[in-house]
Amino acid sequence: MKKKRTVSVFKVGIHTIFLCLSLICVVPLLLVVGISFTGETSLMVDGYHFIPKVFSTDSYRYVFSGAASVAQAYVVTIVVTVMGTALHLLITAMLAYSLTRDEVTWREKISFFVYIPVLFNGGLVPQYMLMTRYLHLKNTIWVLILINLVSAVNVLIMKNFFKSIPNSLIESARIDGSGEFRTFFKIVLPLSTPSLATIGLFVSIAYWNDWMTCSLYIETPKLYTLQYLLQSLMNNIGYLQSNAQASRSIEQALGVLPSEGARMATCVLAIGPIILLYPLLQKYFEKGLTIGAVKE
């Protein structure tokens, strides 16, 4: 006979609470999608609804009116995100691993030096002078990558994760003739997948959502990132609306600009690709966050 599974009231309550929290996160996103497909006149008259009363794609047409610019911004943002995340993880993992090895000279002093940026920041002006005057990276794609290339916090998290790897495993590899790089890439990194995936997700989101760097260092339109381009688009809408109120001819020429709908459409376009990373990396979250944050 099969045993009946008993469900405690506590488990039901916990699942109910997490279901409600999930709905709180998902419902606004669904509302944003619904508004983005609603006509601007309907929004002003009927308000916001999950299901559009007047279905319209005017907001997306307006956003894609410069389709070449949007597509180019997507390419730039994807290249920066992929390259930046990969280099960030490589540099972070190599630095963190070296700080866990006893044979590294002055590793404690280097660890303290790495810890200093967690407490103090050099500021925007020295950073701008370094990137423009000394490295000459203004109006290049490399400035978008190098700004977020290293994070002291991520180095410390990876360092604590590497401490959880048994030292006997690394010593066994050395006895078998494995060199440092082979041990690192063949043994250490595969065991560090949860931590790498967790940090990689946060870093990729930071690269994807970064618009400040583009506004400071990029003047060439072909290097505009998606977030900066969409923000410029929304600023243009506000500017046109403010001038349309002062000029009847401009108002008649422009008609009703998809202001609210365009804002929601830009949100959908901005979060669309990056949100696909969550289902792929979800299984690594819990293990990566707990192990990477616990010291021996």
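The values are calculated or read from the model by the stated rules, or taken from the named source; none is laboratory data. A quick note: this is a predicted structure, and the numbers were derived from the prediction, not measured. Ideal geometry is used to build each Cβ from the backbone, glycine not excepted, and the neighbour counts take in all protein chains shown. Surface accessibility is based on the protein's heavy atoms, side chains included, excluding ligands, DNA and RNA. Shrake-Rupley method; radii C 1.70, N 1.55, O 1.52, S 1.80 Å.
A compact table of results
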| read-out | value |
| --- | --- |
| Residue in region 111-147 that is farthest from ILE165 (Cα to Cα), counting only those that are touching a Ser or Thr at 6+ places or on another chain (Cβ under 8 Å) and either free of Cβ contacts under 8 Å to residues at least 40 places away in the same chain or surrounded by 14 or more Cβ atoms within 10 Å (Cβ to Cβ) (or both) | LYS138 |
| Which numbered condition ILE14 misses (of (1) in contact (Cβ under 8 Å) with a residue 12 or more places away in the chain; (2) open to solvent by less than 70 Å² (accessible area, probe 1.4 Å); (3) β-branched (Val, Ile, Thr); (4) over 30 Å from ASN167 (Cα atoms)) | (1) |
| Residue that is surrounded by the most Cβ atoms within 10 Å (Cβ to Cβ), among those in region 39-68 that are touching a helix residue (DSSP H, G or I) at 6+ places or on another chain (Cβ under 6 Å) and touching a residue at least 60 places away in the same chain (Cβ under 8 Å) | SER59 |
| Any hit, region 208-215, residues being free of Cβ contacts under 8 Å to residues at least 60 places away in the same chain, in a helix (DSSP H, G or I), of a type in the set (A, V, I, L, M) and in contact with a helix residue (DSSP H, G or I) (Cβ under 8 Å, 6 or more places away or on another chain) | no |
| Those residues of region 177-201 which are without any contact (Cβ under 8 Å) to a residue 24 or more places away in the chain, assigned to a helix (DSSP H, G or I) and not β-branched (Val, Ile, Thr), in sequence order | GLU180, PHE181, ARG182, PHE185, LYS186, PRO190 |
| Residues of region 34-92 that turn out to be assigned to a helix (DSSP H, G or I) and not aliphatic (A, V, I, L, M), as a count | 23 |
| Selection count, region 191-226, where residues are open to solvent by 20 Å² or more (accessible area, probe 1.4 Å), under 23 Å from the mean Cα position of the chain (by Cα) and over 30 Å from THR132 (Cβ atoms) | 2 |
| Every residue from region 93-110 that is β-branched (Val, Ile, Thr), part of a loop (DSSP other than H, G, I, E, B) and surrounded by 14 or more Cβ atoms within 10 Å (Cβ to Cβ) | THR100 |
| Residue match in region 156-168 (condition: more than 26 Å from ILE218 (Cα to Cα), of a type in the set (Lys, Arg) and open to solvent by 70 Å² or more (accessible area, probe 1.4 Å)) | yes |
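Table: residues versus (1) touching a helix residue (DSSP H, G or I) at 6+ places or on another chain (Cβ under 7 Å); (2) closer than 15 Å to ILE199 by Cβ; (3) among the aliphatic types (A, V, I, L, M).
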residue: GLY84; (1), (2), (3): yes, yes, no
residue: THR140; (1), (2), (3): no, no, no
residue: LEU146; (1), (2), (3): no, no, yes
residue: VAL150; (1), (2), (3): yes, yes, yes
